[in-house]
Amino acid sequence: MMYRDFELDAFQEQAIQALGAGHSVLVSAPTGTGKTVVADWIVDQALAAGRRVIYTAPIKALSNQKFRDYTALHGTDRVGLVTGDLVIRRDAPCLVMTTEILRNILLSGEKVDDLAAVVLDEIHFLDDRERGTTWEEVLIYLPSHVVIVGLSATLANLEEFASWLTHVRGHPVEVVVETKRAVPLSFQMFSEKTGLVSLDVYDARFRKEMRNAPPPIQRRGNFKQRGRSSDRGRRTSHLDVYRALEEQGYLPYLYFVFSRRDTEVHARALARYLTGPLLSPEESARLKVRLDRAAIDIGPALDTDVRALYEKGVAFHHAGLHVSLKAIVEELYEAKLVKVLYCTSTFALGINMPARSVAFDGVKKFDGRTMSPLPTRGFMQKAGRAGRRGMDDVGHVVVRMDFPDYAELQPILAKYREGSYEPVRSSFNLSWNSVINLLRRHPPDRIREILDKSFLSWHLGKQAEMHRKSAEQGHKGAAKLAARAERAGSRCWDEFDRKVVWLQHIGYLDDDLNFNPGARVLQHLQISEIPMTELVLSGVLETVPPTRLFGVLCALTNELPRHAERNFRLRSEDRALAAQVAQVLGNLTVLEGNELAGTETTWDPDLVQLGRAWAEGVALQEILLMVRSETDISGDLITGFRRAKDLVGQLVDVYRAGGDDTRADTLRDLVRTVSRDEVEVVD
């Protein structure tokens, strides 16, 4: 079967035939095998039929990339982008958006009768601890006539997940599985001691090293330490990796590190090490043309140091990077003008930018709580970028690791090689806004039906069924099993009910579930829900001038990175306002709300003045001078300004619904004021 002048792979053809027959599909395939072709086909079909189609993605960078791709394919008038902070052609028949935006549309009751299909890219995000509930809500709330195209990484419990999707959608969902990569991967280890070798060879040399190591020696304080030769000598560096990959002809490559600072430090170190550019004269000439054009477009963000780096064929990419620099790096990489790119995980997520090789600086990452090994899915998402279809016979995956780290991580590395994937598990936990809007739109019986459709309820229901059968068969502890089954079956409803009871306790709802002022405010807020509701109810923000209000909202939606410090003293009026806000954020309602929802309040007073400066028209480069930082934090600041802008828009709805049109109009003007320069860039 041909599509866009290409012969489709068997799994792509199977998925497209299922969609052609009107079925929803769940496509599970390794990174880089062409899953998105299936999504492209359904978009083509919907537009050809004069219907609407929505493409959702977990991160804005991926949404923005698909927006650019589809605009180029289908024309400007037919494609729109809605990401909360950016709205472009909201009425276009093909909309690209984040999953949260679609959830909000469905919760608001907006009509979607002419919606033909929804693509859920990276659908396995459903098990994300912080955001996964949104995916479940979308799948539950979407009308049954809407075709679902779920694109997923390889999952251990794919059939279970597909069974739940069939249950929740009310019609069969066809599972399409591809396990073979278009370009096979070769896994190798690298250390200064071993060189570039297979995992088996590395393991054998490690064991030989351990056998030949001196016996344990006594240390003061009764501590024993093995006097291992592997502990002596210098550690393997990223420059060693470069030398090995360059010698083998494995460039270009992505080098994944798990620190923004290290992406920049490593890239600059490699550039200093190189005696000349990694580009050919012809490539250098093409690069110069692009950089000259970029310098005119973005000005001082492309400084001489960064430009010199790019001229060597080296670059770095992370979430905190200036939005325009991120776009330049991606453009140069796609044009094959970056030969070594140091990057963090965000570069791996969905963005279609393969390399000949992928190297890892290690396999442990801070997960928000502790340093933990990457799950197989996370590792393969990055490793899967190795191997360019039609260009490489094999994709090279290299892990930099010294012997002292290997003993702990050997089982993990074996899992990666074997492809031992984790199952997707539900993280279902309704936000306060979802609770309120479900109460606004549905009676309790219907809400219970909705909650019972969640993947968590479905999974617990299966467990409950198993426990009941055991109890009926008279197994030991039958009474306990029966009780456990009962608790499991009603867990989602019980958690919802606890939240409703608490909302009644604090006075947001009355005894008959009618909305009091707290609930009427909360129904419009999706960011910092309870803290923001309490601030509105307290009146603290009522007369705050718009620019200062924007500063407060920036402090509520973002934090300066740990390594960044302010270069200024807060103005006295900002300090006084920050103290008032902090007092509200420390009240019992906010603390209890966080505990019940498993959230924490974001509050960084340093951002008050930075956000205020942006609202007053100060240029980003000047604002950056107000902060000392080891790395570029432009992207962090812009993300914060965009999120605060989104929250201003939600407050417009709060005041409009409350009858205060004057305040609503003032805040609408504020949205327009802060929507400038980098905040408006589609990065």
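For the reader, a short list of remarks on this structure follows.
- In this entry, ASP113 is excluded by the filter for residues that are under 26 Å from LYS645 (Cα atoms) and either more than 18 Å from the chain's Cα centre (by Cα) or assigned to a strand (DSSP E or B) (or both).
- Residue tally, condition free of Cβ contacts under 8 Å to residues at least 60 places away in the same chain, under 18 Å from VAL679 (Cα atoms) and surrounded by fewer than 17 Cβ atoms within 10 Å (Cβ to Cβ), over region 68-89: 1
- Within the span defined as region 656-663, every residue fails to be crowded, with 21+ Cβ neighbours inside 10 Å and part of a helix (DSSP H, G or I).
- Looking across region 99-137 at every residue that is of a type outside the set (S, T, N, Q), under 23 Å from ASN157 (Cβ atoms) and in contact with a strand residue (DSSP E or B) (Cβ under 8 Å, 6 or more places away or on another chain), the one that is surrounded by the most Cβ atoms within 10 Å (Cβ to Cβ) is identified as TRP135.
- If you check ALA162, ALA153 for being in contact with a His (Cβ under 6 Å, 6 or more places away or on another chain) and crowded, with 19+ Cβ neighbours inside 10 Å, only one passes: ALA153.
- Which numbered condition ALA46 misses (of (1) in a loop (DSSP other than H, G, I, E, B); (2) within 24 Å of HIS171 (Cα to Cα)): (1)
- Of all residues in region 664-683, those that are touching a residue at least 24 places away in the same chain (Cβ under 8 Å) and part of a helix (DSSP H, G or I) total 11.
To keep it simple, each residue is scored yes or no on (1) closer than 27 Å to PHE428 by Cβ; (2) at pLDDT 90 or above; (3) outside the structural domain of LEU325 (by TED's automatic domain parsing); (4) in contact with a Lys or Arg (Cβ under 6 Å, 6 or more places away or on another chain).
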{"residue": "GLY593", "(1), (2), (3), (4)": "yes, yes, yes, no"}
{"residue": "ASP604", "(1), (2), (3), (4)": "no, yes, yes, no"}
{"residue": "TRP614", "(1), (2), (3), (4)": "no, yes, yes, no"}
{"residue": "ALA619", "(1), (2), (3), (4)": "no, yes, yes, no"}
{"residue": "THR639", "(1), (2), (3), (4)": "yes, no, yes, no"}
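- Residue match in region 407-414 (condition: under 25 Å from ALA269 (Cβ atoms) and in a helix (DSSP H, G or I)): yes
- Against the conditions (1) in contact with a Phe, Trp or Tyr (Cβ under 9 Å, 6 or more places away or on another chain); (2) modelled with pLDDT under 95, LEU560 satisfies every one except (1).
- Listed by position, the helices (runs of 4 or more DSSP H) contained in region 295-402 that have at least 2 residues being in contact with a helix residue (DSSP H, G or I) (Cβ under 6 Å, 6 or more places away or on another chain) and within 20 Å of ALA153 (Cα to Cα) are 376-383.
- Scanning region 1-43 for residues being in a helix (DSSP H, G or I), within 28 Å of the chain's Cα centre (by Cα) and within 16 Å of LYS180 (Cβ to Cβ) gives a total of 4.
- Taking the numbered list (1) among the hydrophobic types (A, V, I, L, M, F, W, C); (2) free of Cβ contacts under 8 Å to residues at least 60 places away in the same chain; (3) more than 27 Å from SER634 (Cβ to Cβ) in turn, ALA555 passes all entries but (3).
- Index of the failed condition, VAL197 passing every other in (1) over 21 Å from THR98 (Cα atoms); (2) touching a residue at least 12 places away in the same chain (Cβ under 8 Å); (3) not acidic (Asp, Glu): (2)
- Looking only at region 173-190, residues that are at pLDDT 90 or above and either under 16 Å from SER357 (Cβ atoms) or surrounded by fewer than 16 Cβ atoms within 10 Å (Cβ to Cβ) (or both) come to 8 in all.
- Test: residue in region 445-455 that is surrounded by fewer than 20 Cβ atoms within 10 Å (Cβ to Cβ), at pLDDT below 95 and among the polar types (S, T, N, Q): no
- Residue in region 535-554 that is hydroxyl-bearing (Ser, Thr, Tyr), surrounded by fewer than 23 Cβ atoms within 10 Å (Cβ to Cβ) and either in contact with a Gly (Cβ under 7 Å, 6 or more places away or on another chain) or modelled with pLDDT under 95 (or both) present: yes
- Counted residues, region 52-94 - those being closer than 29 Å to GLN650 by Cα and either outside any helix (DSSP H, G or I) or in contact with a strand residue (DSSP E or B) (Cβ under 6 Å, 6 or more places away or on another chain) (or both): 30
- Scanning region 624-655 for residues that are part of a loop (DSSP other than H, G, I, E, B) and surrounded by fewer than 16 Cβ atoms within 10 Å (Cβ to Cβ) turns up LEU625, MET626, GLU630.
- Flag for LEU279 being out of contact with any strand residue (DSSP E or B) (no Cβ under 8 Å at 6 or more places or on another chain), surrounded by 13 or more Cβ atoms within 10 Å (Cβ to Cβ), in the same structural domain as LYS336 (by TED's automatic domain parsing) and not in a helix (DSSP H, G or I): yes
- The number of residues in region 624-680 that are out of contact with any Pro (no Cβ under 8 Å at 6 or more places or on another chain) and closer than 28 Å to GLY299 by Cβ comes to 29.
- Filtered residues of region 576-612 (kept if within 18 Å of LEU541 (Cα to Cα), free of Cβ contacts under 8 Å to residues at least 24 places away in the same chain and assigned to a helix (DSSP H, G or I)): ALA576, ALA579, ALA582, GLN583
The values are calculated or read from the model by the stated rules, or taken from the named source; none is laboratory data. Since the model is a prediction, treat every value here as computed from it, not as a measurement. Please note: Cβ atoms are built from the backbone with ideal geometry, for glycine as well, and neighbour counts cover all protein chains shown.
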